[in-house]
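All of the numbers you see were taken from the coordinates with simple rules; none came from a lab. Remember, predicted model here, so these are calculated numbers, not experimental data. Note: ideal-geometry Cβ built from the backbone for every residue, glycine included; neighbour counts use all protein chains shown.
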Amino acid sequence: MRIREFLQSDSAVVSSWVLSKEELYRWSADIIGVWPLEIDTLYRHYEKGMAEKSIVPLIALDDEEKIFGHCFLRFPSEDRTFVRIGFVIVDPEFRSKGYGRKLIQLAEEYAKEKFKAKKFSLGVYTNNLKAMNCYLSMNFIPDGRISDFECPCGKWKVMEMIKEVGDSGILYRKATACDIDEIQAFVDKAKTVMDRQGIPQWDEIYPTGDDFAFDAEKNELYVGMVEGKAAVCFTLNKNQDEEYLKAEWENSGDDFIVIHRLCVNPEFQGKGIGIKTCRFIEGLVWCMGNSSIKLDAFTQNPISLAMYEKLDYRTRGYADWRKGRFKLMEKVLDF
């Protein structure tokens, strides 16, 4: 497979993939705003930007040289190392077969080779779960900005997503048994750091390697990798302690997920990884079909409390456990 720059003759091909007015707005927001598309509409839209080199439309081809995807690149930064990806679309014949992911990979490789790209951004409608899940799987992370978009087809919300590459890029994936020793090693270091900070939250009793091994066996443990090293871990499931049942949750239904054992490797602390990870979790939980997140936060841990409050988590109750008092916190995902 390969990617090349857009030609005038590609306009008719790409336009033929847009099968309805609603799909036009899902693909291009209100930027084109003309329906039905004529064969040269897309080329005319790009023509000035292509001449000024402010936009680079691309065409992806499969191994048989058949066009299967299209997107464009533009540049929020003058040095072009920050690249915005837009107008992502795949030929209907190729959809749900992994070609959307391949299109983005090819576009990233092109931008990194030609412009030394270090960061990518894109926007996705929050009701387009297939696209959002694809971007999350490629380690695009919600950056916290969600805006309303009104078009003739309805009122939708747009989530902004960011992907950093190189030293600051985080690659999230499900953890396996092979990751447990590395995870437990940095969790033990985190326990030592917390003790020095006067935060007696975790100890030799909890959490242990057995806890993480059980999470991995249940396919509920995640790890975030930076430059091949485990930088953060967390567990997602619906398990609630009995104390959770006493809280006054805003979402009283069962479409929630609980975060357990979120820990940033001390080697990577102070770099915003906790915030990025929580925002990644928000997108992941939404794509899993849930509308809220629950967790408990130690009242003697001002660092984690400040992070969750910054992320708009709200206290819904309290729990008193072996180590002391914990806040029971919730974030409703208004996507």
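Calculation over all alpha carbon pairs of the chain in 20 angstrom steps from 0 returns a P(r) of 28, 51, 20, 1 percent.
A crude spin-label estimate for the pair Glu250 and Asp181, with each label 7 Å from Cα along the Cβ direction, gives 4.5 nm. Comparing Gly100, Gly270, Gly86 in a Gaussian network model of the chain (Cα springs below 10 Å), the most mobile by mean-square fluctuation is Gly270. Place a point 7 Å from Cα of Trp321 in the direction of its Cβ. Which residues in the stretch 218-257 have their backbone N less than 13 Å from it? Only 235, 239-245 fall inside the zone, counting backbone N under 13 Å.
Per-residue Cβ neighbour counts within 10 Å put Phe214, Phe120, Phe6 in the sequence Phe214, Phe6, Phe120, beginning with the fewest. Ordering His260, His70, His45 by the number of other Cβ atoms within 10 Å of each residue's own Cβ, fewest first, gives His260, His45, His70. Work out, in µm²/s and without decimals, the Stokes-Einstein translational diffusion coefficient of the stretch 171-332 at 4 °C, 1.567 mPa s, Rh from Kirkwood over C-alpha pairs. My calculation gives 81 µm²/s for D. For the chain, set up a GNM with springs between Cα atoms under 10 Å and report which of Gln197, Gln184, Gln300 has the largest fluctuation. Highest fluctuation among the options: Gln197. Relative to the current alpha-carbon distance between Ile67 and Arg314, full extension at 0.36 nm per residue lengthens the span by 84.1 nm.
Judged by the ratio a/c of the largest to the smallest principal axis of the C-alpha gyration tensor, the stretch 9-129 counts as rounded, that ratio being less than 1.5. Taking other C-beta atoms within 10 angstrom as a stand-in for reagent exposure, Thr176, Thr299 fall in the order Thr176, Thr299, fewest first. Overall, the stretch 2-165 carries a charge dipole of about 480 debye about its Cα centre when +1 sits on the Cβ of Lys and Arg and -1 on the Cβ of Asp and Glu, all other atoms neutral. For the chain, modelled as a GNM whose springs connect Cα atoms under 10 angstrom apart, the maximal fluctuation among Ile85, Ile104, Ile39 occurs at Ile39. Once the chain from Met138 to Ser96 is taken as fully extended at 0.36 nm per residue, the excess over their C-alpha distance is 13.6 nm. If the label point is 7 Å along Cα→Cβ of Asn237, which residues in the stretch 297-327 have backbone nitrogen under 19 Å from it? So the set is 297.
Assuming 0.36 nm per residue, please report the length gained on full extension of the stretch Glu38 to Thr81 beyond their Cα-Cα distance. Gain on extension, Glu38 to Thr81, equals 12.1 nm.
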